[in-house]
Each structure stands twice: as structure tokens, then as C-alpha cells.
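The values are calculated or read from the model by the stated rules, or taken from the named source; none is laboratory data. Remember, predicted model here, so these are calculated numbers, not experimental data. Quick reminder, even Gly has a Cβ in these numbers, built from the backbone with ideal geometry, and neighbours come from all protein chains shown. Heads up: the accessible areas ignore ligands, DNA and RNA and are worked out on the full protein's heavy atoms, side chains in. Shrake-Rupley method; radii C 1.70, N 1.55, O 1.52, S 1.80 Å.
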Amino acid sequence: MIDRLLGKKLIGIKQSTKAIKNGEGRILYVAQDADKKKIDPLVSLAKSHGVEVKYVNTMKELGKMCGIDVGSAATLLMD
């Protein structure tokens, strides 16, 4: 697995959703232990806009990959 996500990124479900709706973003990283009710609509949106979706085991691991000390349910890697 990747140790660190490099480049411009948006962390969180709300920010990722907004960016994808605006046609931005290249890869969406999603934590598998995140709340499915919140994540599933985001994953569907990403797929419908042609954004690649990759899964990470835990929110803590995704947060670490983003360089933050808290967990993250979703992170959008920008172009």
C-alpha cells in the first residue's frame, strides 16, 4: 500500500463531494471501515463522474496517508 498521498488533495466526505460535483478530482480514496450510509453516495457519485475509486483498510490508515493525526473516511486526490 502507498505510504503517503502526494500532491493536492481534499480530505473529508463533504469537500470530496463538492469537488467531484464540480468536475474535479482524479482518484477517490475511501476507508473500508467508514460509515457506509455516508460513503456509498460519494462512491456512486465518483464512479458516475469517471473518478477512480481505491479502498484503504481503515480511516486511521487513510488519515496517516494524508499526513494528518486523525482518521479520514474519504480523500480526493486532485489533478
Exercise. Where in the chain lies the longest segment free of trypsin sites (Lys or Arg not before Pro) that are both loop residues by DSSP (not H, G, I, E, B) and have at most 14 other Cβ atoms within 10 Å?
Worked result: 27-79
Exercise. Among residues other than VAL51 whose Cβ falls under 15 Å from its Cβ, what is the net charge (Lys/Arg +1, Asp/Glu -1)?
Worked result: +3
Exercise. Taking the DSSP beta bridges in region 9-77 as the whole, what percent of them are antiparallel, to the nearest 5?
Worked result: 60
For this session: Take every Cα pair under 8 Å in the chain that's 6+ residues apart, average their separations, divide by the length, and report that relative contact order as a whole percent.
Result: 46
For this session: State the percentage of accessible surface on the chain attributable to carbon and sulfur atoms; use a 1.4 Å probe and exclude ligands, DNA and RNA.
Result: 51
Problem set entry | Dimensionless Rg ratio for the chain, taking C-alpha atoms and the 2.2 N^0.38 Å reference | 0.95
Seminar exercise, completed: To the nearest Å², the heavy-atom accessible area per residue of the chain with 1.4 Å probe amounts to 62
For this session: May I ask which of LYS21/LYS47; LYS21/LYS64; LYS9/LYS54; LYS37/LYS64 have a Cα-Cα span longer than 18 Å here?
Result: LYS21/LYS64; LYS37/LYS64
